[in-house]
1. So what's the angle, to the nearest 10 degrees on a 0 to 90 scale, between helix 2-12 and the longest Cα principal axis of the chain?
2. Which Cys residues of the chain have no other Cys Cβ less than 4.7 Å away and so no disulfide-compatible partner by this rule?
3. Could you tell me which of rounded, prolate or oblate describes the chain, using a ≥ b ≥ c as the square roots of the eigenvalues of the alpha-carbon gyration tensor, with rounded for a/c under 1.5 and, failing that, prolate when a/b is larger than b/c and oblate otherwise?
4. Only Cα pairs under 8 Å and at least 6 apart count here; give the relative contact order of the range 159-258 as a rounded whole percent.
5. Once you keep just the Cα pairs under 8 angstrom separated by 6 or more residues, what percentage relative contact order results for the chain?
6. So which lysines can LYS245 reach, going by Cα to Cα under 24 Å and dropping same-chain residues fewer than 8 places off?
7. Where does the chain land at 222 nm, in deg cm²/dmol rounded to the nearest 500, when only DSSP H runs of n ≥ 4 count, each adding -39500 (n - 2.57), divided by all residues?
8. Looking at the range 37-132, which chymotrypsin sites (Phe, Trp or Tyr not before Pro) are in a loop (DSSP not H, G, I, E or B) and have at most 14 other Cβ atoms within 10 Å?
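Bear in mind that the values in this text are calculations on the coordinates, not laboratory data. Remember, predicted model here, so these are calculated numbers, not experimental data. When we count neighbours, we look across all protein chains shown, and the Cβ atoms used for this are built from the backbone with ideal geometry, even at glycine.
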Amino acid sequence: MKLYILLFLIITAPLTLRANYVVDFSNPATFQVTCGTIQPSQWSVSASTCELLLPPLVLTTDTFLNINYLFRINQSGNLYKGDYLSVLYKTSLNGAWQTDTTILGIVNNNVRDIRGQFAMHLGDTLYFKIVAHTRLSSGFWAVKSGDISISGVTPVYFPLPVELMDFSGRYNPDENCNNIKWSTASETNNSHFILERSEDGEKFSTINIIPGSGNSNVLLNYEFRDENPAGNYYYRLTQVDYDGKSETFNPVFVKIKGDSRILIENAWFSGNAVQYEIPTGISSRLNVVLSDLHGRILYQSIVDPAEGNQRNTIPYSGAEGSMLLLVISDEAGNRDMKKLIPL
């Protein structure tokens, strides 16, 4: 009888899979900061007051659970009683922050753990942040990757700083300028863009700084006119966060000497495929890439128009309503792009 009871318990007991949160400073989706120094291994604060915000933490697996948390704090150099680090929390998005623990600076290097426990019900959301302050540069607070861990909760990770949809350039002979355009599908903590120019694609110099839009979840378009270009140029775009973190995107080439060619005559969806036409008169081989908004390449091939491949087909069986980018480039550096939305 005992054997049957044991088997019944094993078969009928619910299998609960719990998530956990661990900070990783090489992954910007796991944290946000207002300032400080970010390295893949740690976040540090010296001679300033900065905040580290964790993503919302949701209980999704249990009707009730006591979740455990650990914040391991490193102090390096000389800090004093006027220097402090606080761990704060709140239990709703619009709630007031409450102080969990505050530690003060001491003269010697040290590592201190802040541990605790919260009782959460299914669907509850918990928010944490750290406020670190030092007056002088003789010491700093630091949190290393892996040194914040919270068990039993599912993190709602932050979106990436900027989701770049498109970055392109084209020469306008009527106005004698290069039109450089880019679009973002979303922005988080985006301070500004740096636009650079190069003659050889290796040595770049800044030609303009364009303000970002901070936080946005709608399509935004940017444009810069580089007037009276003296030759063919490469353009490179860098996005910079408020905390100084940056991401540099692949450069684009704009050709003004010789013919500036259109490489996509037309493009459209036809059933479960993308159809596109190449203009007549193009003889060089073309690189064809179909990608989604996240930069994931769905299709890539080399097409030779000299073989009569003016109209071509790309199989596609993805979701409706997801915008795609068709990009075709030639051996001379010309590049053309079409945005497509399957209906």
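1. 40 degrees
2. CYS177 - these cysteines have no disulfide-compatible partner (Cβ-Cβ under 4.7 Å) in the chain.
3. Working: a/c = 3.24, a/b = 1.56, b/c = 2.08.
Verdict is oblate for the chain.
4. On the way: 240 pairs, mean separation 30.4, N = 100.
So the answer I get is 30 percent.
5. Working: 841 pairs, mean separation 48.1, N = 343.
Relative contact order of the chain: 14 percent.
6. Filter leaves LYS129, LYS144, LYS181, LYS203.
7. Numbers: 1 runs with 11 residues, N = 343.
Calculated at 222 nm, the ellipticity per residue is -1000 deg cm²/dmol.
8. On the way: sites: TRP43, PHE64, TYR69, PHE71, TYR80, TYR84, TYR89, TRP97, PHE118, TYR127, PHE128; in loops: TYR80, TRP97.
Those that pass, being in a loop and sparsely packed, are TRP97.
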